[in-house]
Amino acid sequence: MAMTTPMVSRDPQSNDRDRLNAVHGSFIDETIGIVARQTRDTVSFAVGAPAHEALDLVGAADLVSTVIHREGASALGYAITEGEPELRDIVAHDARARGLNVKHEDVLVSAGALQAVDLVCRVFLKPGDVVVAESPGFANALSAFRNHGARVLEVPVDSEGLDVAAAARLLRAGGIRPRMFFVVPNFQNPTGETLSHARRDALVALAASHGAIVVEDDPYGLLRYRGKEIPAIAALHPHSGVVSIGTFSKTFLPGLRVGWVISDHEVIKRMAAAKQTMDSSTGTLGQRVVVEFHRRGGVAAHVDKLRALYGAKQARGRAALQRVFGDAKGVSWNDPQGGFYFWLKLPQGMSARTLLGLALEEGVAFVPGDAFAIEQDHGSALRFSISAPTLDRIDEGVTRLRRAYDRLA
Ligand SMILES: Cc1ncc(COP(=O)(O)O)c(C=O)c1O
């Protein structure tokens with residue numbers, strides 16, 4: 001047989017096979033290694049995942065077996081890239097109930113919110129584009145922006161969420177035209193702060209003035225324990241092209257890896273094309289388990305149970321901090337109305353990383369603030385998550401934290 005030239009494109013790195021691209025992951029896993037340094041007895045305020053008790057409330061074994069018995073092997077076949085039709089309907093229906101103007105075809109089911117963030121980057125960003133993001137902010141998203149070649153403008157967060165006026169000033173001073181604004185509007189990771197209604201409006205106006213898109217990633221919005229709900233940015237500004245990301249990870253089962261993105265259906269088509277080279281579709285079984293859970297009609301009651309569970313943990317965390325750290329000069333923390341996190345500030349100049357070393361020796365863990373930024377300095381702050389420990393262990397963990405603090409102060 002005659003030899004033909006193989007029809008492959010040239011390897012752009014053929015002379016440099018050892019070169020690997022720089023890929024950013026979670027700064028938390030990468031740089032801190034808390035998991036490796038904790039023992040079974042460690043009280044972990046480091047975890048951003050749901051509590052084990054919350055996962056047990058779901059009745060997963062029965063849901064999975066119902067789906068498999070009823071649907072057989074088709075529950076384990078490939079799914080449509082955009083998502084199981086019934087699940088797209090559920091997401092669209094829930095979003096309409098929250099005031100978003102959404103049709104079935106405006107929804108794409110993703111492998112968690114995190115994949116949705118990556119799909120947004122693939123569709124909207126070019127190398128060199130600027131993304132305006134919260135600082136401190138969701139570390140994995142900051143890494144995703146950088147992996148797509150974007151530059152990140154870190155903007156401070158205060159008690160009303162992203163400081164939109166500061167963003168405007170920084171953009172003006174730098175003569176920067178951003179491509180995207182990325183926010184976690186409710187009970188933000190890592191501070192627990194919520195973007196106020198006025199700031200939501202100001203954010204959309206600022207983005208419009210730059211021709212930039214707003215992306216809201218809202219895993220924690222349902223977990224409100226006090227105060228009044230603020231409508232989603234996409235609900236407040238229906239014709240402004242806001243992209244909304246959500247997930248079943250914090251209120252259902254994170255291991256199923258089921259989340260979603262809502263956008264104009266032309267954008268959704270492009271995201272589906274991008275997803276085809278990633279995983280072809282989100283796992284069929286996981287999607288059908290989510291559908292089965294919804295069919296049974298107990299979602300609102302389940303979320304109420306989660307609010308009771310985490311609301312009690314948050315109240316216990318707040319009380320323990322007040323009791324144990326009330327007299328510690330220069331230590332302060334905020335007062336989130338929902339979600340998993342408190343943001344604790346240490347006295348100026350005290351290193352949260354150094355404190356972590358001592359804390360692990362005392363049997364307690366948290367995530368130092370510098371894990372949530374690229375350039376900005378949050379080294380004297382830490383993320384304190386109430387999700388994992390039981391109520392008694394929250395008290396014990398805060399007492400241990402004080403022992404570690406006293407060794408450093
Ligand atoms: C703001 C934010 N977005 C997304 C995620 C990840 O969600 P998922 O498990 O759906 O990928 C998290 C989880 O920590 C988060 O805090």
ask   = Among 219-231, 320-332, 362-374, what's the highest-first ranking by average C-beta atoms within 10 angstrom per residue?
value = 362-374, 219-231, 320-332
task = Along Cα→Cβ, 7 Å out, is where each label goes; now give me the distance between the ones at Ala173 and Asn101 in nm to one decimal.
result = 3.8
ask   = How far apart, in nm, are two points set 7 Å out from the Cα along the Cα-to-Cβ line at Asn21 and at Ala409?
value = 4.8
inquiry  = Cβ neighbours within 10 Å, averaged per peptide: list 135-142, 293-300, 187-194 in order, most packed at the top.
reply    = 187-194, 135-142, 293-300
ask   = Which peptide among 253-259, 146-152 comes first, and what is the full order, when sorted by highest mean count of other Cβ atoms within 10 Å?
value = 253-259, 146-152
Accessible area per residue, Å², segment 60-295 with all protein chains present, probe 1.4 Å = 39
Inter-part distance where segment 223-252 and segment 154-193 are each reduced to a Cα centre, Å = 17
request  = Convert each backbone phi in segment 329-341 into a coupling constant with the Karplus relation 6.51 cos²θ - 1.76 cosθ + 1.60 (shift: θ = phi - 60°), then list the ³J(HN,Hα) values in order as whole Hz, x for Gly and Pro.
outcome  = 4, x, 9, 9, 8, 9, 9, x, 9, x, x, 10, 10
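Carbon and sulfur: what percent of the chain's accessible surface (1.4 Å probe)?
Looking at the chain in its full context, I get 54 percent from C and S.
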key: In Hz, Karplus ³J(HN,Hα) per residue of segment 275-281 (6.51, -1.76, 1.60; θ = phi - 60°; x = Gly, Pro)   = 5, 4, 8, 9, 9, 6, 7
Potential lengthening between Thr390 and Asp56 on full extension [0.36 nm per residue; Cα-Cα distance subtracted] = 118.8 nm
note = Summed over the other residues with a beta carbon less than 13 angstrom from that of Thr194, with K and R at +1 and D and E at -1, the charge totals -3
note = Quick note, the chain: a/c under 1.5 would make it rounded; otherwise a/b > b/c is prolate and the rest oblate (a ≥ b ≥ c, C-alpha gyration tensor); here it is rounded
query = Using the Karplus equation 6.51 cos²θ - 1.76 cosθ + 1.60 (θ = phi - 60°), what ³J(HN,Hα) coupling, rounded to whole Hz, does each residue of segment 83-100 give in order, writing x for Gly and Pro?
reply = x, 4, x, 5, 6, 4, 5, 4, 5, 5, 5, 4, 5, 5, 5, 8, x, 7
message = Students often forget the sequence filter, so: which aspartates and glutamates lie under 18 Å Cα-Cα from Lys313 once same-chain residues fewer than 8 apart are removed?
response = Glu53, Asp56, Glu193, Asp304, Asp335, Asp392, Asp395, Glu396
task = Compute the signed sum of charges (Lys and Arg +1, Asp and Glu -1) over the other residues within less than 12 Å, Cβ to Cβ, of Ile374.
result = -3
task = Give the total of Lys-Lys pairs in segment 60-295 with Cα-Cα distances below 29 Å; include a pair only if its members are 8 or more places apart or on different chains.
result = 10
task = Could you work out the local net charge near Ala212, counting Lys and Arg as +1, Asp and Glu as -1, over the other residues with Cβ closer than 10 Å to its Cβ?
result = +1
key: Lys, Arg +1 and Asp, Glu -1 on Cβ, resulting dipole of segment 60-295 about Cα centre, debye, nearest 20   = 380
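The values are calculated or read from the model by the stated rules, or taken from the named source; none is laboratory data. Keep in mind that this is a model prediction, so the values were computed, not measured. Reconstructed Cβ throughout: ideal geometry from the backbone, glycine too, with neighbour counts over all protein chains shown. What goes into the accessible areas is simple: the full protein's heavy atoms, side chains included, and nothing from ligands, DNA or RNA. Shrake-Rupley method; radii C 1.70, N 1.55, O 1.52, S 1.80 Å.
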